Each structure stands twice: as C-alpha cells, then as structure tokens.
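For reference, the structure is listed below as structure tokens.
Nothing in this text is a laboratory measurement; each read-out follows from the coordinates by a stated rule. Predicted model, so just to flag it, every value in this text is computed and none were measured. As a convention, Cβ positions derive from the backbone with ideal geometry for all residues, glycine included, and neighbour counts pool all protein chains shown.
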Amino acid sequence: MAAAAAMAEEELPLRRSKHQLLRPRRRTNPLVWCFAILCFLFSLLLIFAGILILVVFLLIKPRYPQFDASAASLNGIYIDSPPILGPSPPGYYYLNGDLTLLANISNPNRHIDVAFRYLSVELYFRGRLIAAQGLAPFAQRRGEARVASLHMVTSEVGLPRELAAAMAEEVRRGRVSYSVRGTFKVRASLGFGHLTYWVYGRCDLELSPPPTGVLLASRCSTKHWF
C-alpha cells in the first residue's frame with residue numbers, strides 16, 4: 001500500500017505538468033492584428049508608389065537644370081601689398097577685382113516645371129574663394145532658359161604670396177583662370193507630387209587680362225544630389 005501511495009504521489013506532478021502544457025493559448029489582442037494589417041497595407045502602398053514613380057520617370061525621362069557661362073568680362077584686378085602694421089598675416093596680399101558674368105540657367109525638361117528655391121554663385125581662383133553673389137528665387141516652365149547677370153566683386157581678399165604671384169603671372173601671360181561654382185536648390189513638379197534636390201554647377205573660365213578682359217574659353221558641368 002505504501003508503495004502504491006508513493007507511485008501515486010510521483011504521478012500527480014506529471015499529470016499537473018501535462019495539464020499545464022495542454023492549457024489553451026490566449027487569444028491575440030485585436031489591436032495587434034490591426035497593427036499587423038496596417039503595416040502590411042503600408043508596405044503594399046510603398047511598393048505601388050515605387051513602381052508608379054519608376055514608370056513615370058521612364059515615361060517622362062526627367063533631366064536636371066543646366067548651368068553654364070555664355071559671356072564674361074574681366075574689368076579689373078588689383079593686387080596690393082598689405083601695410084607693415086596691418087592685420088593680415090605676414091606674406092599675405094590684398095586682392096581687389098571686378099568680374100561680370102552672364103550665366104545661362106536652363107530647364108531642359110519637356111514635361112516638368114521647376115522652381116529654384118535657393119541660388120548662390122561663388123568665384124574661385126585656384127581653389128580660394130574670392131567673391132560670391134546670391135540670386136532671387138524664380139520658376140522656370142519646361143524648356144525655358146534664363147540669362148543671369150552676375151557682378152562678382154572681390155574686395156580686400158587676402159591671398160598668400162604664392163597665389164598673388166600666380167595671379168600676377170597669369171595676367172602677364174594674358175590668360176587668367178577662374179572657377180565659378182553655382183549651388184541651387186530645385187523643386188520639380190511631377191504632376192502627382194514634388195521632388196526637391198540640389199544642383200551643383202561648375203564652370204572653369206579663361207579670360208584675357210583686364211581692363212578689357214573677355215571670355216576666351218569655358219568648360220562647364222552640372223551635377224545633382226538628392
């Protein structure tokens with residue numbers, strides 16, 4: 001009898017554990033199902049939107065605005081030695097200059113209108129910023145172009161001795177090299193929505209010396225970044 005009682009006591013925990021294992025599972029909260037369904041629908045929406053944008057791009061074949069230089073005149077270059085007790089570091093010179101640039105900004109698209117929200121043009125000599133000018137925002141319809149007159153004035157810009165000597169040598173040889181860089185924030189109208197991106201234009205210019213300097217050659221390129 002004692003042995004039977006001991007066996008019964010050993011089987012009792014086993015039965016309880018089996019009962020616990022076979023206990024019915026809890027029902028999933030309806031909010032969890034709703035959240036999962038919403039995530040699934042949102043994923044489908046993203047997939048369809050991506051396919052739609054791809055189809056529209058293939059049909060419209062969008063192109064990015066272009067920036068180039070059509071004409072330029074170099075009106076003056078003055079390189080002054082800094083005063084002995086001046087604030088400039090030793091070996092620096094003061095550069096003053098005057099450049100007028102006619103820049104073409106065009107929208108080559110046949111189906112897309114664009115709006116320029118931010119426009120900035122900078123003038124460089126051998127990688128050193130010497131002048132800058134901003135432009136007022138404007139819009140362009142498909143196929144339109146605009147000529148912007150930029151008056152780039154360099155006033156008391158410090159140049160190291162090497163750059164000052166290089167500029168003086170270019171003036172003496174009759175070919176002065178400048179680099180013009182444009183930064184534009186563009187918003188394109190695609191019919192069903194808008195796309196905003198950045199456009200970076202660069203023109204490397206060669207001009208005859210002042211005061212009657214004219215544009216001798218130019219090489220321009222335009223890049224974009226979303």
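Find out how many positive minus negative residues lie around H111, taking Lys and Arg as positive, Asp and Glu as negative, among other residues whose Cβ is under 14 Å from that of H111.
Once positives and negatives cancel, what remains is +3.
What is the extension gain from R128 to A71, computed as 0.36 nm multiplied by their sequence separation minus the C-alpha to C-alpha distance, in nm to one decimal?
Full extension of this stretch gives 18.3 nm more.
By how many nm would the segment from W33 to S120 grow when fully extended, if each residue of separation counts as 0.36 nm and the alpha-carbon distance is taken off?
26.2 nm
Roughly how far apart, in whole Å, are the Cα centres of the stretch 202-216 and the stretch 122-165?
If we compute the Cα centre of each part, the gap is 13 Å.
Just to confirm a number: summing +1 for Lys and Arg and -1 for Asp and Glu over residues other than G143 whose beta-carbon lies under 13 angstrom from that of G143, what do you get?
Neighbourhood net charge equals +3.
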